[in-house]
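*Asks:* Just passing along the structure, written as C-alpha cells.
The values are calculated or read from the model by the stated rules, or taken from the named source; none is laboratory data. Source: prediction; values computed, not measured. No Cβ is skipped: glycine too gets one built from the backbone with ideal geometry, and neighbour counts run over all protein chains shown.
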Amino acid sequence: MRILIIAHDFPPVNRVASLRPYAWAKYWHQMGHEIGVLTTRKDAFRAPLDLQTEYRSLQGVRLEEVPYVPLKSRSFNPHPESTPPALPPSSIGKSSYQVARTWLRRFSEFLGTGSFLYASSLWIVPALKRAQALYPYWPFEVVVSTFGPPAAHIIAGALKRQFNIFWVADYRDLWFGSHLVTAKWPFSWLEQSLEDYVVSQADLITTVSDPLQSALQQRFPQPVLTIANGFDPEDGEGFPPDPFPSNGKIRLAYTGLLYPGKQDLSLLWQAIDRLRAEGFPVADKLEILLYGPDFSSLTPAIVAHDLQAIVKIAGFVPRSEALQVQRWVDALIFLDWDVPQVSGILTGKLFEYLFSGRPILGIGVTPDTAAGQLLESTRTGFLIGKSVDRMAELLQQLLRGEGLPYAPDRAVLQQYTRETLARTLLEQITERRAEGEFRSQKPGEALNS
C-alpha cells in the first residue's frame, strides 16, 4: 500500500509534533508499505533542527520537502532520495522571522482571527502542487494528514476531492475550539465552516485522547478513533550514567514548553513556602530543573518566593538530552492544562515521562482529566490536582529520603509504544479500505490548483 503522510513538522525539526508522523513513516515502512512524506522545507530560523532520529529507519521512505514560498522554479523529480537535496539557504534571518512572527501573533490575538493568519497557510499551494505532480509517478492510495496547522488537512482534502483516495484526518489538537488559539466572531464562524467543509470528505478521523474523540464525534459523522501519541522505547536507550553530583540533593525536572496562563507552577512554589515555614532546609536539599525554550514568565514568581537557589533554568536542549534528564532526576513535573473547557490534552511530553522510569508529579491533574486517567492506569504518577497539602506531602517524602512509591504497569505501558499504535492505525486503515468504507467523489468535484 502506498501511503502519503502530510505533516508540517517532521524530523529534524525539534518539536513533539514531528514524532507522531515520523513513527508512522518508520513503522509502516518496516511493515512492508511504500511511504511518502510531504512536509515543509526545514529552515533553522523557523525551528531548531537537532531532533536526532535513526537515519536508517527512513531509508526507503520518500521525503518531499516543500518551502512556504518557492524562491525559484524547481523541476519535479519523480525519484528523490530519502534525504531531500539541499536547497539554497533562505535569505530571511532567524531574528527577522521571529520578530515578524511575534507581531503577527499579537495582531492575530488582538483581532481574534484564530488560525486564519498562520504563516503556514503560505505552504498550502506549493505543497498541493507538489503532491499533484507526484501522483502520476507515485499514485498513493492513502493520505494521512496530521493537524496542526490546518494546512495539512486543507491539502489532503483537496487531494481527496481530486483523486478520490482514502483519507485519514488526524488531530493532535482541535482546529475549531483550540485550547491554544481563540477565534472571535466572525472568524470563529468562518473557521468552523472551513473545517466542516474540508474535513467532511475524510474517510476516517483520528485523535490523541478520548475526550477529543468525543468532541470530534459530536461534530462529524465519520468514525473517530483514539490513537494516542505514545513513545518509542528505542529513543530511551543507550544513555550514559547519571552526571549529577552526589550531593544529596533531590532533583525535580520539567522538560518542554510552558504556556503562561494555561499551565501553572504556583502550587509548587506555595508548597515550598510551606516546607520552609515548617523548618525544612529546602534550599540545601532541593533543586528544580527547567528545560525548555522560554521560562521568562516565571521570573517574577521565582524572585517573589526567593527560589533563585532552588530553581535552575537550563534552557532549550536537544531532545536526546531532555530524555536523559528525565531518567536522571528523582521525579518529573507534569502540568495539566488550567483551562476549564479542556480535559483531553495528552501531549507527547507526557508519554516521554511515562517511559522514563521516574514518578510523575501531576500538578493540576485529577481523575477527571485524560492525563489523570492515564497516570492512574499506568501507575506512573500522582494526581495532585490543586492541593498544596498533597504537593507538600510528596515533597516531604522526597526530602526525607523516603522516595515515592513507583510500580508502573508494564503491560499497560506496552499499549502506548509508537510501534503498537502505528500498527493499530494501519490495521484500521486496511480494514476500512477493504470493506469499501470511504467517501467517493463525483467526477465534477475535483479541486485543482
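*Asks:* Can you tell me which residue is modelled with the highest pLDDT among those in the range 27-48 that are within 16 Å of the chain's Cα centre (by Cα) and not small (Gly, Ala, Ser)?
*Replies:* Thr39
*Asks:* Is it fair to say Ser193 is of a type outside the set (Lys, Arg), free of Cβ contacts under 8 Å to residues at least 24 places away in the same chain and in the same structural domain as Arg433 (by TED's automatic domain parsing)?
*Replies:* Yes; evaluated as a whole, the condition is true for this residue.
*Asks:* I'd like the full set of residues that are touching a residue at least 40 places away in the same chain (Cβ under 8 Å) and in contact with a strand residue (DSSP E or B) (Cβ under 9 Å, 6 or more places away or on another chain), limited to the range 224-244.
*Replies:* Within the range 224-244, Leu225, Ile227, Gly230, Phe231, Asp232, Pro233, Phe244 meet the criteria.
*Asks:* Please count how many residues of the range 117-137 are buried (at least 17 other Cβ atoms within 10 Å of the Cβ), in a loop (DSSP other than H, G, I, E, B) and at pLDDT 95 or above.
*Replies:* 0
*Asks:* Taking only the range 351-399 into account, find how many residues are closer than 16 Å to Asp210 by Cβ and not hydroxyl-bearing (Ser, Thr, Tyr).
*Replies:* Counting residues in the range 351-399 that are closer than 16 Å to Asp210 by Cβ and not hydroxyl-bearing (Ser, Thr, Tyr) gives 11.
*Asks:* Here's something else I'd like to know. Just to verify a result, which residue in the range 368-389, among those that are of a type in the set (Val, Ile, Thr) and assigned to a loop (DSSP other than H, G, I, E, B), is nearest to Thr347 (Cα to Cα)?
*Replies:* Thr369
*Asks:* I need a count of the residues in the range 373-383 that are in contact with a strand residue (DSSP E or B) (Cβ under 8 Å, 6 or more places away or on another chain) and crowded, with 21+ Cβ neighbours inside 10 Å.
*Replies:* The qualifying residues number 5.
*Asks:* Take Arg390 and decide whether it is modelled with pLDDT of 95 or more and either more than 24 Å from the chain's Cα centre (by Cα) or surrounded by fewer than 19 Cβ atoms within 10 Å (Cβ to Cβ) (or both).
*Replies:* For Arg390, the condition - modelled with pLDDT of 95 or more and either more than 24 Å from the chain's Cα centre (by Cα) or surrounded by fewer than 19 Cβ atoms within 10 Å (Cβ to Cβ) (or both) - is met.
*Asks:* Looking at Asp273, Asp284 in this structure, which one is assigned to a helix (DSSP H, G or I), under 16 Å from Gln308 (Cα atoms) and at pLDDT 95 or above?
*Replies:* Checking each option against the conditions leaves just Asp273.
*Asks:* If I ask for residues that are surrounded by 13 or more Cβ atoms within 10 Å (Cβ to Cβ) and either of a type in the set (Ser, Thr, Tyr) or closer than 19 Å to Pro245 by Cα (or both), which ones from the range 298-326 would you list?
*Replies:* Answer for the range 298-326, where residues must be surrounded by 13 or more Cβ atoms within 10 Å (Cβ to Cβ) and either of a type in the set (Ser, Thr, Tyr) or closer than 19 Å to Pro245 by Cα (or both): Ile310, Val311, Lys312, Ile313, Ala314, Ser320, Glu321, Ala322, Leu323, Gln324, Val325, Gln326.
*Asks:* Sticking with this structure for a sec: Out of the residues in the range 222-272 meeting the condition of being farther than 26 Å from Leu383 by Cβ and of a type in the set (Gly, Ala, Ser), tell me which one is nearest to the chain's Cα centre (by Cα).
*Replies:* Gly238
*Asks:* Anything in the range 209-256 that is within 26 Å of Ala314 (Cβ to Cβ) and part of a helix (DSSP H, G or I)? List them, or say none.
*Replies:* Pro233, Glu234, Asp235, Gly236
*Asks:* If I go through the range 407-419 residue by residue, how many of them are surrounded by 14 or more Cβ atoms within 10 Å (Cβ to Cβ) and closer than 15 Å to Ile227 by Cα?
*Replies:* Summing the residues that are surrounded by 14 or more Cβ atoms within 10 Å (Cβ to Cβ) and closer than 15 Å to Ile227 by Cα in the range 407-419 gives 7.
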